[in-house]
Amino acid sequence: LADRLRFLFANRTFLLLFGAFTLCGFTTAGVIDVYFIPYAISCGFTLIEGSAAYGVHGLGNLAGVILFAWMADHVNRPRLLASLFFLRAFAFVLLLFIATDISVMFVFAAIFGILNFATFPVIANIVATHIGVRIIGLTLGLMFGGHSLGAAIGVVLGGWMFDVTAKYEWVWWLSVALAALAGVFAILVRETRTPPGKAIPVPT
């Protein structure tokens, strides 16, 4: 286990993806999953309307994960992943304007849903070719651990920011910045579909 951990934390691709996925956790499970409906209510919408929009977000997850999983087999994956994060940053800007009309809220929910789970298959696809399938379990386990850490920080920090300002806007602007930073991490990954040449420690 120690050899495999050393191998991963010395791997440039792993570190970039780990950083991006940790920020991904902040912007999804950390703030949207927790604060979207309360924010919608604060904008004047009812609980039913906010929940319905969140349901549209869930349908977007289904569509996005299938679409981008297919695209990951056919296009430059670091650019694809970076595009997901940059578009997510744009979606957070749109979120700031949902109070203007309920249709804007539903458009945001659909867009963000498509971009949410879509990062998972793209990252797994990159891991398979850049790091290898022999330790893909440990690799993705650590990635999702980072995602959970980012989510936990998002919940705590988002709640603290709301307590201090009585507004959600600062949470969304911070999420814009972090989603964009995740996109920068992703674009720095070098595209290759050739299996890794460096010896990978054998799982024991």
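The values are calculated or read from the model by the stated rules, or taken from the named source; none is laboratory data. Everything numeric here is computed off the predicted structure, so don't read it as measured data. Quick reminder, even Gly has a Cβ in these numbers, built from the backbone with ideal geometry, and neighbours come from all protein chains shown. Heavy atoms of the whole protein, side chains included, go into the accessibility calculation; ligands, DNA and RNA do not. Shrake-Rupley method; radii C 1.70, N 1.55, O 1.52, S 1.80 Å.
Would you mind working out the magnitude of the charge dipole of the chain relative to its Cα centre, with +1 at each Lys and Arg C-beta and -1 at each Asp and Glu C-beta, to the nearest 20 Debye?
Here the chain has a charge dipole of around 900 debye.
Accessible surface computed residue by residue for the chain, with neighbouring protein chains in place and a 1.4 Å probe, gives 46 Å² per residue. Dividing the summed helix terms, -39500 (n - 2.57) for each DSSP H run of n ≥ 4, by the number of residues in the chain produces a 222 nm estimate of -25500 deg cm²/dmol to the nearest 500.
3J(HN,Hα) couplings calculated from phi for the stretch 178-185 with the Karplus curve 6.51 cos²θ - 1.76 cosθ + 1.60 (θ = phi - 60°) are, in sequence order, 6, 5, 5, 5, 4, x, 5, 4 Hz; Gly and Pro show x. As a fraction of the 1.4 Å probe accessible area of the stretch 47-142, surface on carbon and sulfur atoms comes out at 78 percent.
Annotation: THR119 carries an accessible surface of approximately 0 Å², with a 1.4 Å probe and no ligand, DNA or RNA atoms counted.
Of TRP160, ALA91, MET143, whose Cα points farthest to the positive end of the dipole of the chain (charges on the beta-carbon: +1 Lys, Arg; -1 Asp, Glu; origin at the Cα centre)? The one lying farthest along the dipole's positive direction is MET143.
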